[in-house]
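Okay, structure first, notes after.
Laboratory data are not the source of any read-out in this text; all were calculated from the coordinates shown. The shown structure was predicted, so the numbers you read here are calculated from the model rather than taken from an experiment. Glycine gets a Cβ as well: all are built from the backbone with ideal geometry, and neighbour counts include every protein chain shown.
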Amino acid sequence: MRLPPSTLPSLHWLQQHTAGLLRLLYPPQCLGCGASVSEAHVPLCAPCVRRLERPDPEAVLAHVRQLPGGEPVASAQALWAFDTGGVVQRVQHSLKYGNRPAQGRTLGRWMRHLFPAAHTGERLVVPIPLHRTRQLERGYNQSALLAEGLADALGASYQEALQRTRATASQTRLSRKQRQANVADAFAARSPQTLTGATIYLIDDVLTTGATLTAAAAALHTAEVAAVHVATLAFARS
């Protein structure tokens, strides 16, 4: 049933004040130390952010390039080192399973510091896609949220330039070889003619073995892009 137009302002007022009351009763907290943070979309306080380890970009790139299909990747970086059971894992799990999409865009904006030098030509920020079934189950793609935030911070274009050609098993409990086989030929470029010559920033939440990212990068290279730069929220040394 459609509500009368006259009720819409009062509903908006109620939503605003309900949100304000919830913030007052349950103030948003840092996922690292529990201190208060300004808004629910800010997952960590500044002191906790400063304490997190930043992986060496050369080590991340070396990790990616030793994989099948990883050699053409131009650069690979991660905002933080993954810490099993620690702060970064709590942030990643909150983003992936906690139904907090606004946090994803904030984290994506924080990833802007991975790209201090602007690349020339057209720049496209591209997320690793979820299969349609899994995205319906989860409600959103955490990698897409990161990519949206990064594109906004960089002033670059966001584009869902990849698609999953088939459903794949969860990578969590698979070995390195099983992960590579699981995602082999699992991606294809959408409208590859629109990607030719573009600089691509390929975004995912966590780099573990790198199998997913290198498979996706290989699909982008078939479209004759200028370069693929990989960036993730976290790097988990496998």
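Data table
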read-out: Largest-first principal axis extents, alpha carbons of the stretch 52-235, Å; value: 41, 34, 33
read-out: Rounded to whole Hz, the Karplus (6.51, -1.76, 1.60) HN-Hα couplings of the stretch 209-225, x for glycine and proline; value: 6, x, 4, 5, 5, 6, 5, 5, 4, 4, 5, 5, 5, 5, 8, 6, 6
read-out: For the stretch 27-80: span of alpha carbons on each principal axis (Å, largest first); value: 46, 19, 13
read-out: Which of S36, S157 has the fewest Cβ neighbours within 10 Å, and the rest in rising order; value: S36, S157
read-out: The stretch 80-141: chymotrypsin sites (Phe, Trp or Tyr not before Pro) in DSSP loop, at most 16 other beta carbons within 10 Å; value: Y140
read-out: At R0 = 25 Å, FRET efficiency that the Cβ-Cβ distance of A117 and S38 yields, to 0.05; value: 0.25
